[in-house]
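What follows is a single structure, written as structure tokens, with notes after it.
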Amino acid sequence: MSEQDGRGPIVIIGGGHAGVQVCAGLAALGQGARVHLVCEEAPLPYQRPPLSKSFLKNPQEPLQEHRGEGWFADAGITLHRADPAVAIDRARQRLRLRSGRELPYHRLVLATGTRARQLPHLHADLDNVAVLRTAGDAQRLRALLEAAAQVTVLGGGFIGLEVAATARALGKAVTLLESAPRLLMRSVSAELAQHVLDTHRAAGIDVRLGAAVGHFEVEGTRLAALGVDGVRHPVDLLVLGIGAVPQHQLADDAGLECENGIVVDEHLRTSDAAILAVGDCTSFPEPITGRRLRLESVQNANDQARAAVATLTGAPQPYRALPWFWSEQGSLRLQMAGLMPAEGVRQHRPGASDTSFSILHYAGKRLSCVESVNAPLDHMAARKLLDAGISPDPALACDPTRTLKSFL
Ligand SMILES: Cc1cc2nc3c(=O)[nH]c(=O)nc-3n(C[C@H](O)[C@H](O)[C@H](O)COP(=O)(O)OP(=O)(O)OC[C@H]3O[C@@H](n4cnc5c(N)ncnc54)[C@H](O)[C@@H]3O)c2cc1C
């Protein structure tokens, strides 16, 4: 399929998980020659999850590329690397890149992801303060970790906890500061959060909940200390794990509707029918309740990209995928699927070992979320139950694997 076939070029902004998955979907349909992938970063598109896990731990580990350069070339996809998009001209359907180059589009896909949140009162470029979002951030943090004896992590979300666990495994003295009364406040149940807390404390991480952080003592180009609960806390290396902000400046400037992300409908269309958006940067309608959600996960990026390809190729399918996520933190492999009900019954199911279990959460009688710790088989079974809309009776002791088998 060429750009002259009447359907015209598809330009994708952002070479992350979602952007590359849109490329893969179009290439599989033989439509790669229509595609331009515009990347802000210089490396070939790479996987982000290892950046807070194996990549940080092992100085020899290379970036894990999504696809080799030859794959893009064979598919006919034109890559624009280290040349970010700077403006969308919706009237003329053209995209301007930083180099000055203009790309005409028939359809435009925004897959711009998020950027790491910074602390408003702290200079972003201090020598011993780090964030973790890009390959460049991870390479810098890897070098800083090697030199540091003590690591302070601000934020008890997934990335903060993964970095803290990795730093501890590297033999560092680690303090983790969380302002909320518990870890992973926005993403897991209180029971799972307590288990995560106990495990990290047992591994020697000094986790402080409800920590009030203020007063930054800067000496030259370094952060010397933080005030924590009114007490001076010296800093060797500070890692900020305080969340991510959706990148929707381009969309905003172009007059597209944005609210905590680029607003899309169930087919991933923005308020301009010629422009779609996918992945971490989108605010989309959750299929059961219709409330707007913005998720940051590989699953959401990949599945939204598949739905966007269906829309782009004239066979739209509403986005209805089951959300799931995983995290690796020292000895913990956490897996979550579904959406946590505001209230309801929960069931604890022990796993095969002392350190493994699952928690099944019900909204009324409907199974709506499963959290697992070191229990991948149970988790996969429960995920299939969730996917199929099957709810084992919450009144009975539930074994997801056995329940699944009885339905197969
Ligand atoms: C350290 C780390 C660990 C993670 N671990 C997990 C995990 O264990 N499990 C999990 O499910 N998820 C994990 N995630 C989240 C997951 O990586 C994201 O949900 C996923 O990358 C989202 O894909 P995306 O394509 O929407 O955004 P991204 O992967 O962020 O890609 C967006 C891309 O757009 C580019 N871009 C932005 N603006 C422009 C522009 N103007 N022009 C051109 N390019 C632009 C950016 O440079 C970036 O490359 C992790 C994330 C990080 C940072």
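What's log10 of I(q)/I(0) for the stretch 118-242 at q = 0.14, 0.15, 0.17 Å⁻¹, Debye sum over Cα points only, no solvent?
For the stretch 118-242, the Cα-only Debye profile gives -0.56, -0.65, -0.84.
Carbon-plus-sulfur fraction of the accessible area of the chain, 1.4 Å probe, in percent?
Whole-percent figure for carbon plus sulfur exposure: 51.
For the chain, which span is the longest to avoid every loop-located (per DSSP) member of GluC sites (Glu not before Pro) having at most 14 other Cβ atoms inside 10 Å?
By the stated rule (loop sites, at most 14 other Cβ atoms within 10 Å), 1-256.
How large are Rg and Dmax for the stretch 65-138 when calculated on the C-alpha trace, in angstrom?
Rg then Dmax for the stretch 65-138, in Å: 16.7, 48.
First obtain the Kirkwood hydrodynamic radius of the stretch 194-293 from its Cα pairs, then insert it into the Stokes-Einstein equation at 37 °C and 0.692 mPa s, and state the resulting D in µm² per second as a whole number.
Reported coefficient: 188 µm²/s.
If you build a Gaussian network model of the chain, linking Cα atoms that sit under 10 Å apart, which residue out of Ala91, Ala124, Ala180 swings the most?
The residue with the greatest mean-square fluctuation here is Ala91.
Could you work out the pair-distance distribution P(r) of the chain from its alpha-carbon pairs, with 20 angstrom bin width and percents rounded to whole numbers?
25, 54, 21, 0
Give the accessible surface of the chain per residue, rounded to a whole number of Å², with probe radius 1.4 Å and ligands, DNA and RNA excluded.
Heavy-atom accessible area per residue stands at 45 Å².
Take Ser99, Ser297 and sort them by solvent-accessible surface of the protein heavy atoms, 1.4 Å probe, largest at the top.
Correct descending sequence by accessible area is Ser99, Ser297.
Arrange the peptides 24-37, 347-360 so that the one whose residues have, on average, the most other Cβ atoms within 10 Å appears first.
24-37, 347-360
How big is Rg to Rh over the stretch 1-132, alpha-carbon atoms, Rh as the Kirkwood inverse-mean-distance radius?
Over the Cα atoms of the stretch 1-132, Rg/Rh equals 1.03.
In whole angstrom, how far apart do the alpha carbon centroids of the stretch 290-306 and the stretch 235-255 sit?
When both Cα centres are located, 18 Å separates them.
Go ahead and estimate [θ] at 222 nm for the chain from helices alone: -39,500 (n - 2.57) per DSSP H run with n ≥ 4, summed, over the residue count, rounded to 500.
Computed ellipticity for the chain at 222 nm equals -7500 deg cm²/dmol.
Can you give the direction-averaged projected area of the convex hull of the alpha-carbon atoms in the stretch 326-377, in nm²?
Computing the convex hull of the Cα atoms and averaging its projections yields 3.7 nm².
Along the charge dipole of the chain, pointing to its positive end and built from +1/-1 on Cβ of Lys, Arg, Asp and Glu, which listed residue (Leu312, Gln329, Leu184) has its Cα farthest out?
So the residue we want is Leu312.
The values are calculated or read from the model by the stated rules, or taken from the named source; none is laboratory data. From a predicted model like this one, the values you see are computed outputs, not experimental measurements. Using ideal geometry, Cβ is built from the backbone for each residue, glycine included, and neighbour counts are taken over all protein chains shown. What goes into the accessible areas is simple: the full protein's heavy atoms, side chains included, and nothing from ligands, DNA or RNA. Shrake-Rupley method; radii C 1.70, N 1.55, O 1.52, S 1.80 Å.
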